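One structure below.
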Amino acid sequence: MKKIFQYLPDAIKTVARTSRANIPWTKIGGQRRWVSETYSKFGLEERRRIFLSIARFHHINRPVPGYYFEFGCNEANTMRMAWDSFHYLFDRQYVGFDSFAGLPAITEIDKQEIWEKGKLAYDEQLFINQVISNGMPREKLITVKGFYEDTLTDELAAKFVPQKASVVYIDCDLYTSTVPILKWIPQFLQVGTVIVFDDWNCFKGDPSRGERRAWHEFSKEHSDIGFEPFVSTGEAQSFICIRVG
């Protein structure tokens, strides 16, 4: 059969592969079903657990007013989940920071096979459309377009202060992208702010790389700001701010 299959027209091969993938009892069909119904669903539920844990923590310890800041927006999945998890309990402004041009040039410290410049690019207007189609009023959403080292300025901060942040969600994978975020964010921290690192275990959990390294350096530099570990998953790690300098 394999010899016959290789001589079939490409169009027929494509139809045959697709049909086989949709048959549950074939190996490829079983794999596709497992990825969809078990593996992907698990990842989604792990992330939802973080957001609902934050919602419950803030509701129990209210008030913790302030912005929802998200660094690294991609396909709007996380922003939509944040809205779904928070808006029934809290009246918040949602701010998405992203280059919308994908990853920056990858420097030596962040080199990894899966990363390359421009990967994870997503159109800003498409992101906005995805979020508001999920129910968020347009006036509740702010986007800040550009690479963090260029956009996270004192001038930008002046547009947001004096209000603080209730949640800071960092989903930018790279050490070089995380550093400018952590340099800019202290002015928005308050007791009760939750910081989430979505890619905490990127680089195989190596503490000398990625978000872990940036956080270690930040914590050492800002010993006057106190944190306690909060919800952790196989991918993410969160912290509660318990003291500000």
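The values are calculated or read from the model by the stated rules, or taken from the named source; none is laboratory data. Nothing here was measured: the structure is a model prediction, and the numbers come from that model. Quick reminder, even Gly has a Cβ in these numbers, built from the backbone with ideal geometry, and neighbours come from all protein chains shown.
Brief remarks follow.
- One residue stands out among those in region 91-105 that are surrounded by fewer than 16 Cβ atoms within 10 Å (Cβ to Cβ) and farther than 17 Å from residue 134 by Cα: the one that is farthest from the chain's Cα centre (by Cα), which is 105.
- Selected residue (criterion: surrounded by the fewest Cβ atoms within 10 Å (Cβ to Cβ)) from residues of region 158-180 that are out of contact with any Pro (no Cβ under 9 Å at 6 or more places or on another chain) and of a type in the set (Ser, Thr, Tyr): 175
- Residue satisfying all of: in region 193-230; at positive phi and small (Gly, Ala, Ser); surrounded by the most Cβ atoms within 10 Å (Cβ to Cβ) among these: 210
- Scanning region 193-217 for residues that are closer than 30 Å to residue 92 by Cα, without any contact (Cβ under 8 Å) to a residue 60 or more places away in the chain and of a type in the set (Gly, Ala, Ser) returns a single hit, 214.
- Members of region 106-133 that are of a type in the set (A, V, I, L, M) and under 14 Å from the mean Cα position of the chain (by Cα): 120, 121
- Taking helices (runs of 4 or more DSSP H) as the structural unit, those lying wholly within region 84-200 and holding at least 2 residues that are charged (D, E, K, R) correspond to 148-151, 154-160.
- Top-ranked residue of region 106-127 - restricted to ones that are charged (D, E, K, R) and closer than 12 Å to residue 172 by Cα, ranked as surrounded by the most Cβ atoms within 10 Å (Cβ to Cβ): 110
- In the set (1) modelled with pLDDT of 85 or more; (2) in a helix (DSSP H, G or I), residue 14 fails one condition alone, (1).
- Only one entry in 224, 171 is touching a Gly at 6+ places or on another chain (Cβ under 7 Å) and over 19 Å from residue 68 (Cβ atoms), namely 224.
- Of all residues in region 45-90, exactly one satisfies the criterion of being more than 24 Å from residue 182 (Cα to Cα) and crowded, with 19+ Cβ neighbours inside 10 Å, namely 85.
- Single unsatisfied condition, residue 165 versus (1) out of contact with any Leu (no Cβ under 9 Å at 6 or more places or on another chain); (2) of a type in the set (Gly, Ala, Ser); (3) closer than 25 Å to residue 64 by Cα: (1)
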